[in-house]
Amino acid sequence: MDTMLVPPWLEQLLNTAFFRVCRSHGDAARSECNMYCLDCNTDAFCLYCRSSKHEDHQVIQIRRSSYHDVVRVSEIQKVLDISGVQTYVINGARVLFLNERPQPKGGKTVSHICEICGRNLVDAFRFCSLGCKLVAIKRNNGDGTSTKEEEEEELREGEKQDIYRPTPPTPSSSARRRKGIPHRAPFRS
């Protein structure tokens, strides 16, 4: 996916706020704005807006996973090259994250990290989200692919700057020292 192939709707999609209440259908049961029209490329909308304004358009549904926006791979891969982006199975569906997520504190050392934000990855992918892949494309002056030599050079530079070194894990609660000797209430007879 180079900049020539980056669809005009992608940046807008990544910057859209989802899961707010629809202004037009706020009183309806399923009025959360979790749909995005690739043809109109404007804003998120609800299920009712889809049937009235976007009936014959290309629409994708955004879902939530741990307070972060995800999209099903089966929907997005029809319209976008998602190669290199980490996918996950959540509630039986393969999904990917739209944007970068904060890295959890501590954790174990892994061998795969996102090239943009440094997030730990489960498998040998390059990016943790569509947003990180887009950043990489922009950095590479429109070329989403880099040579093995360029990747190795970036890794060497990263090692020099310690940006790829994982943060040491925090001690577990059982390893923490007590503040003092615990005192019990006296027994009464």
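Among strands (runs of 3 or more DSSP E) lying entirely in segment 1-83, which contain 1 or more residues that are open to solvent by 60 Å² or more (accessible area, probe 1.4 Å)?
Ranges flagged: 59-65, 68-72.
I'm trying to understand the selection: among the residues of segment 91-124, which are without any contact (Cβ under 8 Å) to a residue 12 or more places away in the chain and under 11 Å from the mean Cα position of the chain (by Cα)?
PRO102
How many residues, within segment 26-59, are farther than 20 Å from ILE76 by Cβ and in contact with a helix residue (DSSP H, G or I) (Cβ under 8 Å, 6 or more places away or on another chain)?
3
Considering ILE62, ILE113, ILE90, ILE76, which residue is aliphatic (A, V, I, L, M), out of contact with any helix residue (DSSP H, G or I) (no Cβ under 7 Å at 6 or more places or on another chain), within 25 Å of VAL6 (Cβ to Cβ) and modelled with pLDDT under 95?
None of the others qualify; the one that does is ILE113.
Cβ-Cβ under 8 Å, sequence separation 6+ or interchain: first residue in segment 29-42 and in contact (Cβ under 8 Å) with a residue 40 or more places away in the chain, partner surrounded by fewer than 20 Cβ atoms within 10 Å (Cβ to Cβ). Which pairs?
So the pair list comes out as LEU38/PRO7; LEU38/HIS57; LEU38/GLN58; LEU38/VAL59; LEU38/ILE60; LEU38/VAL79.
Restricting to segment 100-113, and then to whatever is in contact with a Ser or Thr (Cβ under 8 Å, 6 or more places away or on another chain) and surrounded by 17 or more Cβ atoms within 10 Å (Cβ to Cβ), can you tell me which residue is nearest to ASN15 (Cα to Cα)?
Filtering segment 100-113 for residues that are in contact with a Ser or Thr (Cβ under 8 Å, 6 or more places away or on another chain) and surrounded by 17 or more Cβ atoms within 10 Å (Cβ to Cβ), the one nearest to ASN15 (Cα to Cα) comes out as GLU100.
The values are calculated or read from the model by the stated rules, or taken from the named source; none is laboratory data. Given the structure is predicted, the values throughout are model-derived calculations rather than measurements. Here Cβ is always computed from backbone atoms with ideal geometry, including for glycine, and neighbour counts include all displayed protein chains. Ligands, DNA and RNA are stripped out before the accessible areas are found, and what is left, the full protein with its side chains, is counted by its heavy atoms. Shrake-Rupley method; radii C 1.70, N 1.55, O 1.52, S 1.80 Å.
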